[in-house]
Each structure stands twice: as structure tokens, then as C-alpha cells.
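Novice: The structure's right below; bear with me while I get my questions together.
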Amino acid sequence: MLNQLTQYLQSTVTPGQAGSMLWATIYILVIFAGISLCVVFINWGERKALAHFQIRLGPMRVGPHGLLQPIADALKLLLKEDTIPANADKVVFWVAPFIVTTAAFVVYLVVPFGPQHAVTDMNIGILFMLGVSSLGVLGIITAGWASNSHYPLLGSLRSSAQMVSYEVAMGLAVISAILMTSFTPGSGSGTLSMIGIVEAQKAQGVWFLFKFFPLGLVAFVVFAIAMIAETNRAPFDLPEAESELVAGFHTEYSGFRWSLFMLGEYAAMIAVSSIAVTLWLGGWMRPFPNLLSGTNWDTIFSLVPGAFFLFLSAVTLYSTARMPKKLTFRIQTVGLGAFGLLLGAVGLVMLVPGVRERVQDIFWFMLKVAVFMYLYIWYRATWPRYRFDQLMRVGWKVLLPLSLGVLIVTGVVGLSPELMTWLKGVL
Amino acid sequence: MTTTAKLDLNEDKTFLDSTELILNMGPQHPSTHGVLRVILKLDGEKVLGAECVIGYLHRGVEKIGENRTYVQFGPYVDRMDYVAAVSNGLGYCETVEKLINVEAPPRAQHIRVILTELNRITSHQVWLGTHALDIGAMTPVFYCFRDREEILKIFEKYCGARLTTHAFRIGGCQWETYEGFEKEVLSFCDFFEPKIDEYEQLLTTNRIWVERTKGVGVISGADCIMLGVTGPVLRGSNVKWDLRKAKPYSGYEKFDFEIPTGPNGDTYDRYVVRIQEMRQSVRIIRQAVANMPAGPIMAKVPKILKPPAGEVYHSIEAPKGELGYYIVSDGSLQPYRVRVRPPSFVNLQALDQMVRGRLIADVVAIIGTIDIVLGEVDR
Amino acid sequence: MALAPIFRKIFLVDLIKGLSLTFRYQDPKEIYTEQYPLERPQVAERYRGLPRLKMNPETGKTLCIACDLCAKACPENLITVESERDPVTKRKVLTKYTFDLSRCMFCGLCEESCSTDAIELTPDYEVAQYSRDGMVLDQKRLEEGPDRKEYKR
């Protein structure tokens with residue numbers, strides 16, 4: 001048993017490939033727990049960031065700067081009465097949130113947090129991801145239907161139409177990125193494997209975002225727009241548009257079931273962001289792995305995660321010192337200080353030589369995903385919501401032709417050396 | 001929620017066009033601005049018709065007026081359109097002044113104009129914030145309320161209340177301006193003009209905002225006049241009608257300002273009109289402060305107000321449209337009949353015509369653009 | 001010339017303009033929230049809040065002469081004034097004064113009508129209570145002001 005545990009640590013591939021069922025299970029558990037925790041704190045972060053965009057403070061009461069607010073919310077949701085409307089289809093009503101959550105979490109099987117840090121490396125990874133993540137819409141449709149109420153019905157119908165339309169543009173944008181993997185010099189064939197895609201970016205020495213500039217960028221922008229629509233976030237949050245449909249498909253849900261929807265939504269947000277990161281932003285790779293290569297640079301960059309956490313700790317401790325010196329703020333000040341020290345301890349652990357090499361991949365990946373999370377919140381704070389027909393128009397008349405065009409042009413540009421030789425032969 | 005059109009299989013209709021959805025929007029709904037209930041007849045998302053059910057906030061203000069003396073009724077009118085309480089008070093005071101044939105002294109008129117125009121700005125700010133929130137932009141509402149706070153502080157310092165101000169009395173004003181009033185108002189004007197640019201930066205050119213508002217809820221000027229719609233909704237439909245110019249009251253003829261109008265009568269035009277009105281209000285306030293006359297603030301009004309028997313109608317340009325008061329006096333201490341012509345109530349009647357054939361999302365936008373306050377609709 | 005709008009449309013200038021504004025407002029200095037029970041706002045001098053009956057500071061006697069004007073001015077008829085005539089001085093003496101706070105709308109008509117400035121609406125704005133009991137203020141409570149528990153957190 002112990003042998004099995006330690007044996008894998010020497011390996012450089014994912015547990016799925018190494019055939020270590022034990023480690024695969026551990027990874028699944030860690031990812032599930034980690035993503036759930038992330039969702040909880042993204043929820044806090046969203047409320048806080050949104051508040052700051054809107055010149056408010058956000059949660060301030062539960063814990064220092066509301067840090068314990070997500071825990072309080074979770075407790076409240078678990079203890080709340082879980083009502084099922086009298087005329088609802090009870091079984092379907094019960095199943096719907098689980099479909100959404102499951103679909104959102106199964107995706108993480110293939111998300112590569114690092115060259116070893118994925119449950120497994122499927123050779124159809126990206127296909128699996130797109131396929132499973134789009135199952136979430138099934139949960140939304142059933143939720144809206146089973147509620148037997150008008151607002152949820154309208155919300156779920158909007159949602160299904162929206163997700164189906166945007167999946168097309170999204171898929172085409174993804175294909176153009178996958179096409180780029182086949183242009184690796186010396187390999188000649190592309191890959192659908194998530195890890196393979198990142199390795200291809202490494203081999204080609206460029207993030208696909210900058211490949212064939214601006215083609216990669218356009219494909220990325222198309223994907224970035226479509227993924228917002230896929231996850232039902234502003235400005236495409238029509239299925240749950242609170243000013244029109246009260247709460248959309250989950251109007252009739254409460255308590256634990258409602259929190260499953262939230263969990264599923266945020267987990268899906270992280271999932272699609274990690275697709276974007278993997279396909280265009282170099283996945284787990286640190287910035288400039290080719291330009292600034294060499295062991296010295298490797299050491300410097302491996303110190304960054306620890307330094308980042310130490311910096312966060314310093315910021316927290318600084319704001320602890322800046323807390324009002326009133327008696328009423330005593331508990332908050334102490335709590336914030338303790339949180340700062342905790343962050344500092346995490347930072348120090350990340351600086352230990354054995355740990356830092358294994359952790360840095362995850363750090364860079366999560367940092368890139370965090371940027372996407374911030375963008376999600378930023379968009380939500382700034383823009384109004386599209387109307388249904390306009391949403392469809394943007395999806396079908398703007399994004400679809402754009403992504404199709406990008407796909408074709410990518411193919412042409414990528415094959416241009418061969419085309420040139422062929423043309424020369426013909427002439 | 002009930003589906004009235006039961007599916008009848010024998011009926012000679014296809015499945016798709018035989019189901020109409022009856023959707024009860026409100027009275028508890030995030031964007032009906034209070035307790036408005038709209039019964040929508042839907043074909044999918046398309047609205048076939050809308051019917052407003054009002055009265056959930058009915059408090060019988062007119063009846064209360066018949067059981068109070070003229071002075072005592074003053075605070076109640078503030079509670080009709082509670083986001084524009086000062087305008088309501090101005091309308092009532094001017095009506096009673098007309099009834100007893102008294103005119104407020106010039107200084108009182110200037111104070112009234114300043115406060116009413118400030119109130120017009122607050123009303124438009126609340127409108128802008130909630131309207132943007134209805135269309136999905138969460139942030140403008142907070143910026144608007146932050147800037148509105150500065151005006152409310154001026155109100156609080158002048159008359160001791162922020163919302164239901166009860167600022168004016170019959171015959172003039174109760175209070176002399178506090179020390180530094182002019183300076184504060186002027187500094188607010190300087191502070192506020194860049195803020196309007198900020199609101200515009202968030203919305204005016206934003207493609208989503210433009211798409212959501214252009215061509216939505218179109219109503220022609222002729223239809224507006226037929227339905228009795230007034231205020232920015234009328235002006236958005238290219239009808240240059242503003243009671244401040246058409247029938248000047250409270251010395252508005254002394255001020256130089258423009259009436260903004262919009263060409264198409266859609267939601268975007270009404271948005272532009274109201275934004276422009278905020279700028280014009282700032283302009284009026286600047287003039288009123290600069291030419292503030294000295295003198296008394298209260299005309300000679302008997303302590304016990306017993307107007308002669310008769311009737312009077314007087315209307316002012318409230319932020320939402322023509323706010324009229326019709327008072328019948330039988331020569332006693334209390335009015336025989338008080339009737340209020342609230343702009344929101346009349347403007348709301350245009351809803352059905354504006355939402356027909358639009359989508360549900362537009363219903364929300366159109367309710368927002370009419371700018372109703374349910375306290376005033378139901379009274 | 002006509003290219004400029006197209007350029008702006010393609011490069012999402014309108015959307016970025018909005019984003020830049022909200023980004024700027026993230027500065028913690030811009031936060032406008034008042035953390036109410038911890039920071040209590042200073043309201044204006046003329047603020048119309050909790051009513052108070054004033055006393056002559058030298059004699060400690062009430063300024064109210066029981067003229068009943070405030071009760072007559074009140075639109076809600078929530079003030080009751082009872083008095084009896086002093087047999088010696090032949091003046092009205094206040095025996096009972098109640099003010100029903102639960103119906104008050106703080107219009108300020110009572111303080112305007114008062115001929116001796118006895119009743120006054122003070123800048124005390126914390127008048128919310130958990131029950132209606134004790135909302136009818138008698139003369140003693142109007143003179144002394146409320147005994148209020150200060151919540152620290």
C-alpha cells in the first residue's frame with residue numbers, strides 16, 4: 001500500500017496513465033474537495049469584488065472582511081427548509097440539480113493542472129470535456145420543466161436554445177486551436193489530449209493565443225464570449241435574468257438543491273476557463289518557458305508561487321495594521337492577522353525545494369484561471385444584459401461565421417509551406 | 001399562475017399556436033418597481049398583450065385630503081411620488097396659493113426652484129439606476145445613489161428630512177436657507193456634471209444598452225397626446241411640451257433652459273431626454289443661485305386658512321410628467337374634494353400599446369422607461 | 001471618416017470604455033458604504049427625529065403651556081394634551097401630554113405651531129423598536145429622552 005503510494009511520486013505522467021488507481025482516486029477526491037472550496041471562496045470573492053466595483057464594501061460582518069461569510073452561507077443553505085412545489089414532478093425536480101453538478105464536476109477528470117496533475121490523460125480529452133460540460137443543459141431543462149411554473153419554464157427554454165447555439169461557435173473556435181497543434185514541426189499530427197495540447201504549445205514555443213497573430217487571438221475571443229454564454233453569466237445570463245424571470249430555472253429551488261445549482265454553475269465556470277487556459281494560454285506553463293529558459297530561470301520562477309503567497313500575506317497583515325483601532329474591531333483584527341499568518345505559512349511551505357517544483361504548475365494554472373474568474377465578475381459589474389433575440393443574433397450571425405472563418409484561415413496559413421510547394425509543382 | 005387556454009385536442013388548431021401563456025408579473029417581482037401587477041399574455045416569449053392591475057399600494061390620499069385642513073394635508077402629498085417629494089409639495093402649495101390668491105415672494109420662489117430641480121435630478125437618478133438594473137447593468141444604480149446622497153444631504157440640512165421632505169408651506173417656505181446653502185448647491189453642480197458623463201460612459205454608447213433600448217417601446221407623439229402621456233415620455237416622442245415653458249409657474253419664466261426632445265419615441269430617446277434634463281436642471285439651479293433675491297420667504301397667509309368657495313386646477317412639471325391638483329373648496333377649513341392627476345398613473349396606460357409584439361425582456365425595459373412610482377399610481 | 005465607427009465597433013471600444021470606468025472605481029478610497037452601527041452618521045441640525053418636550057433649564061419646569069395648538073396642528077391627531085386650571089394663578093397647567101410615536105410621520109407641524117418652542121423634533125433618528133409597546137410617549141419620557149441600549153456590534 002505504502003509502496004504503491006510512494007511509487008507513483010517518481011512518475012512523470014498522470015495517475016491514469018501510470019495505472020495507479022489509488023492515486024487516481026486521491027486525485028479525484030482532492031480535485032472535488034479543492035474545486036468545491038474554490039467555488040465557495042470564488043463566491044466570497046465575487047461578492048467582494050462586485051461590491052468594490054460598485055463602491056460598496058460587500059460582506060463585512062462574518063469574520064474579518066466577511067471571510068467566513070461563505071461558510072455561514074453554506075450552513076444556512078444546508079439548514080434551510082427544502083421545499084418542493086406541490087405540482088412539481090418530484091423525481092425530476094430532485095434529479096435536476098445533481099445532473100448539473102455532476103456534469104460540471106466530471107469535466108475535471110481531464111483538466112491538466114500540470115503534466116502529472118490530472119486524473120488521467122485521455123486521448124480525446126477536449127472532446128470529452130466539451131461533451132460532458134454540455135450535459136449540464138439537460139439539468140437546467142429538467143429543472144425548469146419539473147418546477148411546473150412559468151418563470152422556470154421560460155428560463156430553461158432560453159437556456160437550452162442559448163447553450164445549443166453557442167456550443168457551435170465554441171466548438172469551431174476549439175477546433176481551430178486543435179488544428180494548431182498539428183503544426184508542430186516534426187510531429188505532423190495533432191492531438192485532442194489536453195496534456196498533448198499544452199505540450200504542443202511548448203514544442204512550438206508559443207501560446208496559441210499569439211500563434212498566427214491575430215488568428216489565435218480571434219479564436220480565443222470567440223471562445224471567451226461563447227464560454228460566458230455557456231455558463232449563463234452576465235451579459236448572457238438570460239436563463240436566470242433576475243430582473244425578468246425572477247431567478248430563471250431555479251426560481252422554485254431552495255436550500256441544498258439550490259446550492260447545488262450554484263456549485264454546478266461556478267464549477268462549470270472554472271471548467272470552461274480551464275479549457276481556455278489549456279488551449280490558448282499555455283496551460284500549466286510558466287510565462288516565457290522558451291525565452292527565459294535554463295535552470296536559473298526555472299529556479300526563479302519556481303520561487304514565484306511561494307513569493308506570491310508571502311505577498312498576499314504581507315497585504316493582509318498591512319490591512320490588519322490599518323484596521324480601525326476601535327475595541328469593536330478587535331476580533332476582526334485578530335482574525336485577519338491570523339489569516340495573514342496562515343497565508344504566510346502556506347507561502348513558506350511552497351518555497352521548500354521538494355514541494356515547489358511539484359506545486360508551481362498548479363499555481364500557474366490556477367492563476368490563469370483566476371484571471372478569468374476576475375473577468376467574469378468584471379463583465380457582470382459593467383455591462384447590461386442582452387435580449388434573447390440579440391443573443392441568438394450574436395451567436396449565429398457574428399460568432400459562428402467568425403469562428404468558421406478563423407478555422408479556415410488557420411488551416412490555410414498553417415499549410416501555407418505545403419501549399420507553396422504544391423503550387424510551385426503545379427506551375 | 002394559471003394557463004387559461006386549456007389544450008383542446010378537438011380544436012382545429014395546431015399544437016403550437018393554440019397555447020398561450022398567461023404570466024402574472026408581479027405584484028412581487030424584482031422589476032415592477034414596487035407592487036405593480038402586469039398580466040401578460042404570451043406566445044412563447046412574445047407578448048400579445050398586457051394588462052396592469054394596480055391598487056396594491058392604495059392609501060386613499062385623496063380621501064385623506066378631504067379630512068385634513070389645507071396645511072395638514074401638506075405632508076401627505078410627499079408620500080405619493082416619494083422619490084420626488086419636493087415636486088409634489090410644490091404642486092400642492094401652488095394650487096392652494098392659487099385658490100387663496102396669494103403668490104410666494106421671489107426669494108421663496110427661487111428656493112423652491114432650486115430644491116425642485118435638485119429633486120428632479122434625484123428622481124432621474126433613481127430612474128436611471130433602476131432602469132439600468134432592469135436591463136441588467138448592476139452598477140449604475142450604486143453610482144446614481146451615491147451622487148443622489150449629496151442632494152439628500154442638502155435636503156436634510158435645509159428641511160430636516162431626506163425623502164419625505166415637506167419642504168414648502170402654503171405661501172412660501174417654512175425655513176430660511178441655512179448658512180452655506182448657496183455654496184453647497186453650487187459645489188454640488190460642479191461635482192455632478194462630470195458624474196453625468198460617467199453614467200453616459202457606462203451606458204450611452206454601450207452596444208448592449210443601445211440594442212436593448214433602440215426601437216423598444218416606440219410610441220408616437222400623437223399616441224402620447226391621445227393617451228394623455230406627459231413628461232419625458234412625451235418629449236422622447238418629439239413633442240416639445242414642458243409646463244415649465246408652456247405655463248410657467250414659480251418664476252420659471254425667468255430662467256433660460258432648453259427642452260430636450262428625442263426623435264423616435266423609443267426607450268433610448270427617453271433615456272437621452274432624461275440625461276439631458278439632468279444637465280438642464282443643473283443649468284437652472286446655477287441661474288437660480290446666481291440671481292437669488294433677498295427678502296421675505298413667506299407671503300401673508302392667514303393662520304387659519306379658510307379659502308373662498310370655488311375650485312382650482314393647477315399643474316406643474318414633475319420629474320415624471322404633468323402633476324396636477326384639482327381642489328374644490330366649500331369655504332370651510334377642509335377641502336371638499338381633492339383630486340390628483342399623477343403623471344405615473346396616466347403614463348402607465350401607454351404600457352399595453354408599447355409592449356405589444358415585444359419580448360418579455362422588453363416589458364421590463366418599458367416599465368422602467370415609463371418611470372413609474374407605485375405610490376403615485378395607486379395613491 | 002466612416003471607418004471610425006466601424007473600427008470602434010470591431011475593437012469593442014464602447015464596452016472597454018465601460019470596463020475602464022468600473023475598474024477605476026475599485027479603488028478602496030471610493031467606497032461609499034457607511035458601516036452603520038459602528039459609524040453613526042451625523043445628521044443635520046434641522047433633522048426631524050424623535051420628539052422632545054423642553055424644560056426651562058433654570059426651574060426644571062416644562063415650557064408647555066397646554067395651549068393645545070400642537071394637538072390641533074397634528075395631521076394624525078396623535079398628540080393629546082390635558083390640562084387643568086390652577087385655582088391660584090388662573091393659568092392652565094399641563095397634567096398629561098402623550099405623543100404616539102407609532103403614528104408620527106415627522107412632518108414637523110407640531111413644532112412649527114408651538115408658541116413657546118416647547119415641543120421639538122430632535123436629530124435623534126434611532127426610533128425603531130421591536131414592539132409597539134411603549135411607543136406612546138408620556139410627558140416624562142418626552143422630557144428625559146429615551147433610555148436606549150447601545151449596540152456595540
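The values are calculated or read from the model by the stated rules, or taken from the named source; none is laboratory data. All values derive from a computational prediction rather than experimental measurement. A quick note on method: Cβ atoms are made from the backbone with ideal geometry, for glycine too, and the neighbour counts reach across all protein chains shown. For the accessible areas, the whole protein counts, side chains as well, though only heavy atoms, and no ligand, DNA or RNA atoms are used. Shrake-Rupley method; radii C 1.70, N 1.55, O 1.52, S 1.80 Å.
Novice: Please work out which residue is least open to solvent (accessible area, probe 1.4 Å), limiting yourself to region A:178-228 and to residues that are touching a residue at least 40 places away in the same chain (Cβ under 8 Å) and at positive phi.
Specialist: The selected residue is A:Gly205.
Novice: With the condition kept exactly as written, say whether any residue in region B:337-344 is assigned to a helix (DSSP H, G or I) and away from chain A (no Cβ under 14 Å).
Specialist: Within region B:337-344 (the criterion being assigned to a helix (DSSP H, G or I) and away from chain A (no Cβ under 14 Å)), the answer is yes, since at least one residue qualifies.
Novice: Also, I was wondering about something else. Does B:Ala108 satisfy being open to solvent by less than 10 Å² (accessible area, probe 1.4 Å), small (Gly, Ala, Ser), within 14 Å of chain C (Cβ to nearest Cβ) and closer than 30 Å to B:Phe257 by Cα?
Specialist: Considered against the rule, which asks whether it is open to solvent by less than 10 Å² (accessible area, probe 1.4 Å), small (Gly, Ala, Ser), within 14 Å of chain C (Cβ to nearest Cβ) and closer than 30 Å to B:Phe257 by Cα, B:Ala108 comes out as no.
Novice: Any idea which of B:Val113, B:Val83, B:Val38 is within 21 Å of the chain's Cα centre (by Cα) and part of a strand (DSSP E or B)?
Specialist: Going through B:Val113, B:Val83, B:Val38 in turn, just one is within 21 Å of the chain's Cα centre (by Cα) and part of a strand (DSSP E or B): B:Val38.
Novice: Report every pair of residues separated by at least 6 positions or lying on different chains whose Cβ atoms are under 9 Å apart, first residue within region A:291-307 and polar (S, T, N, Q), second open to solvent by 70 Å² or more (accessible area, probe 1.4 Å).
Specialist: Within 9 Å, the pairs are A:Ser302/A:Pro353; A:Ser302/A:Glu357.
Novice: Checking the structure you have, find out if any residue of region A:243-256 is within 14 Å of another protein chain (Cβ to nearest Cβ), in a helix (DSSP H, G or I) and either surrounded by fewer than 24 Cβ atoms within 10 Å (Cβ to Cβ) or among the hydrophobic types (A, V, I, L, M, F, W, C) (or both).
Specialist: No, the conditions are met nowhere in region A:243-256.
Novice: So, of the residues in region C:120-134 that are polar (S, T, N, Q) and away from chain B (no Cβ under 13 Å), which turns out to be surrounded by the most Cβ atoms within 10 Å (Cβ to Cβ)?
Specialist: C:Gln129
Novice: Which residues, taken from region C:43-59, are more than 10 Å from chain B (Cβ to nearest Cβ) and either modelled with pLDDT of 85 or more or surrounded by 15 or more Cβ atoms within 10 Å (Cβ to Cβ) (or both)?
Specialist: C:Leu50, C:Pro51, C:Arg52, C:Leu53, C:Lys54, C:Met55
Yes/no matrix, rows are residues, columns are (1) touching a residue at least 60 places away in the same chain (Cβ under 8 Å); (2) in a loop (DSSP other than H, G, I, E, B); (3) touching a Gly at 6+ places or on another chain (Cβ under 8 Å):
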residue: B:Leu202; (1), (2), (3): yes, no, yes
residue: B:Glu211; (1), (2), (3): no, no, no
residue: B:Lys240; (1), (2), (3): no, yes, no
residue: B:Pro260; (1), (2), (3): no, yes, no
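Novice: Output the number of the condition that A:Arg61 fails; it satisfies all remaining conditions of (1) surrounded by fewer than 19 Cβ atoms within 10 Å (Cβ to Cβ); (2) in a helix (DSSP H, G or I).
Specialist: Here A:Arg61 meets the rest and fails (2).
Novice: With the requirement that a residue be acidic (Asp, Glu) and open to solvent by 10 Å² or more (accessible area, probe 1.4 Å), what does region B:343-370 give you?
Specialist: Across region B:343-370, the qualifying residue is only B:Asp352.
Novice: Let me ask another. Determine if region B:313-334 includes at least one residue that is crowded, with 20+ Cβ neighbours inside 10 Å and within 14 Å of chain A (Cβ to nearest Cβ).
Specialist: The answer is no, given that none of the residues of region B:313-334 is crowded, with 20+ Cβ neighbours inside 10 Å and within 14 Å of chain A (Cβ to nearest Cβ).
Novice: Could you check region B:91-104 and list, in sequence order, the residues that are touching a strand residue (DSSP E or B) at 6+ places or on another chain (Cβ under 6 Å) and buried (at least 19 other Cβ atoms within 10 Å of the Cβ)?
Specialist: Correct list: B:Gly91, B:Tyr92, B:Cys93, B:Glu94, B:Thr95, B:Leu99, B:Ala104.
Novice: Let me ask you something else. When the residues of region C:77-105 are narrowed to those that are under 22 Å from the mean Cα position of the chain (by Cα) and open to solvent by 50 Å² or more (accessible area, probe 1.4 Å), which ends up nearest to the other protein chains (Cβ to nearest Cβ)?
Specialist: C:Asn77
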